[in-house]
Amino acid sequence: VNRASRAPSEKTTSRGRGTELDLSLDGVPRGRRALSLADALRRRIADGTLRPGTQLPSSRQLAHDHGVSRGLVVSVYEQLVAEGHLTADGGSGTSVADLTHDLSAPRRARIEVPAVAGMNPGQPDPALFPRREWQRAGQRALADLPDLAFAYGEPRGHLPLRSALRGYLGRTRGVDTDEDRILVTSGFAQCLNIVVQTFTRREGRAVIAVEDPGSAGAAAQLTWLGARVVPVRVDGRGIDVAELRRTDAQAVVVTPAHQYPTGVTLASERRHELVDWARSTGGVIVEDDYDAEYRYDRAPLTSLHALGSQHVIAAGSVSKSLSPSLRLGWMVAPDDLVPDLAAAKANADLGTSVLTQATLATFIDVGALDRHLRRTRTVYRRRRDRLIHGLGASELDVSGIAAGLHLVLALPPSSDAGELAEHARRLGFAAQPLDRYRHRPGPPGLVLGYAALPEHAIDSAAAALLDAIG
Ligand SMILES: Cc1ncc(COP(=O)(O)O)c(C=O)c1O
């Protein structure tokens with residue numbers, strides 16, 4: 001009995017009834033042979049070597065082949081029948097059960113849960129994820145990790161990643177810090193989570209100002225976490241700091257480099273006003289640097305951290321640059337917040353997966369992130385240019401185009417933005433009505449994510465969308 005089985009139809013072998021089995025019990029102590037045989041059969045069923053319907057050798061045959069008692073084989077077969085791995089076919093023998101049949105049977109009602117992140121216009125193209133380079137970095141990181149790395153890690157994150165981030169944020173965003181002040185998070189979402197935990201513990205309730213319009217997901221998450229959310233108006237120069245001053249917010253979440261979703265850049269005097277607000281009130285600025293890597297027509301903007309490192313949490317993630325599925329982000333925090341934020345992180349999840357962190361550290365250290373960004377920036381710039389060209393056939397105002405993975409298209413006054421967003425989604429855009437991001441009413445618009453639309457499809461999609469707008 002030496003050959004693996006091949007197909008369900010292969011029911012007869014040179015040895016007679018039942019497929020041949022490539023099993024070896026050589027060297028297995030007598031007392032463990034039943035366990036070993038059962039394990040081997042389970043493994044072959046699980047990995048598909050033994051497919052549903054495959055008939056097994058008779059107990060007599062198998063016992064003979066392995067020099068074990070027939071009773072032992074019978075008891076193993078009975079055990080696997082009881083587990084549902086095998087079926088006893090009465091007179092015709094024992095075969096592998098059709099587990100797929102059982103699994104597909106509607107034995108339990110489905111449980112639907114709400115999606116955490118809906119159709120988001122800022123998503124990168126998942127087809128551009130650098131699988132090979134990521135795999136290489138992962139293999140290298142795994143080989144290099146010391147044994148100690150497989151214990152619980154330090155709650156702020158894997159030190160080599162914090163070092164890599166220190167270098168990366170220093171050279172790309174002007175963030176001057178050290179590893180002590182960097183925390184690795186499960187994306188920007190967890191940054192918000194632990195900020196709220198920290199303020200709730202310190203002040204009883206977190207009061208967090210957000211941009212209006214601003215990230216709908218962030219506002220919903222903050223509310224869900226029990227924070228009081230205070231919307232502050234955004235105009236053509238970014239967040240209105242005078243309005244922020246009239247609130248009692250302990251922290252404000254801003255997107256200065258490319259305001260989400262309008263795409264405006266926070267004007268220089270507003271950047272200074274904002275840091276002055278933080279200095280004079282003790283408030284904290286949470287800078288969400290969500291798509292800073294993708295800028296097309298201008299030099300990178302320095303993080304607000306450079307203006308006031310003790311008042312700014314400079315946060316970011318790889319959700320745009322690599323993939324939101326990695327759930328990897330970071331925050332560079334003011335000194336007095338680091339211990340509380342680290343405690344909140346530790347109590348949330350005892351730390352982010354070290355293997356994933358180590359992979360990103362290697363990915364950054366070997367220059368793969370820079371190469372990936374150069375490559376994808378070119379792809380996204382071309383898609384953006386094509387879309388702007390396509391939308392240029394109309395008089396509609398297009399804004400927020402200098403960076404990121406989406407733009408804003410102003411709609412004629414009486415448009416149904418919800419319906420048009422749905423139409424745009426059918427055309428392949430990641431689209432939402434601008435109202436979705438507003439806390440107070442405003443003129444209709446569409447937030448159009450173009451990152452995942454192949455260049456050749458953009459002309460016709462833009463034309464069809466303009467047609468629908470009328
Ligand atoms: C404004 C904004 N900030 C941050 C993020 C990223 O969140 P995370 O890092 O948790 O994936 C997104 C995701 O779409 C976003 O739209």
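Quick look at the values:
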| read-out | value |
| --- | --- |
| For region 353-425, convex hull of alpha carbons as volume per residue, Å³ | 130 |
| Distance between modelled label sites at residue 60 and residue 419, nm, 7 Å Cα→Cβ extension | 7.7 |
| Percent breakdown of C-alpha pair distances by 10 Å bin, ordered from the shortest bin, for region 284-441 | 9, 27, 32, 23, 9, 1 |
| Label point distance in nm, residue 119-residue 348, each placed 7 Å from Cα along Cα→Cβ | 2.9 |
| Residues 401, 182 arranged by fewest to most Cβ contacts within 10 Å | 401, 182 |
| Signed unit charges on C-beta, dipole axis of the chain, positive-most listed residue 433, 58, 453 | 58 |
| Region 164-307: Cα Rg divided by the 2.2 N^0.38 Å rule of thumb | 1.01 |
| Approximate spin-label separation residue 43-residue 378, in nm, with each point projected 7 Å along Cα-to-Cβ | 4.7 |
| Neighbour-limited loop hits for GluC sites (Glu not before Pro), region 365-470 (at most 16 other Cβ within 10 Å; DSSP other than H, G, I, E, B) | 395 |
| Angstrom value of the Kirkwood radius, inverse mean 1/r, which spans all Cα pairs in region 372-470 | 13.5 |
| Relative contact order of the chain, pairs being alpha-carbon contacts under 8 Å that are 6 or more residues apart, as % | 16 |
| Residues in region 357-385 reached by a label modelled at residue 145 [backbone nitrogen below 20 Å; 7 Å Cα→Cβ] | 357-369 |
| Under 13 Å, Cβ to Cβ, from residue 140 - net charge with Lys/Arg +1 and Asp/Glu -1 | -1 |
| Surface/4 of the Cα convex hull for the chain, nm² | 29.3 |
| P(r) weight above 17 Å for region 242-371, C-alpha pairs, percent | 64 |
| Charge dipole (debye, nearest 20) of the chain; +1 at Cβ of Lys and Arg, -1 at Cβ of Asp and Glu | 1360 |
| Neighbour-count order for 331, 119, fewest beta carbons within 10 angstrom listed first | 119, 331 |
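Throughout, read-outs are computed from the coordinates displayed, never taken from laboratory work. It should be emphasised that the depicted structure is a prediction, and the values quoted were computed from it without experimental measurement. Cβ: placed from backbone, ideal geometry, glycine included. Neighbour counts: every protein chain shown.
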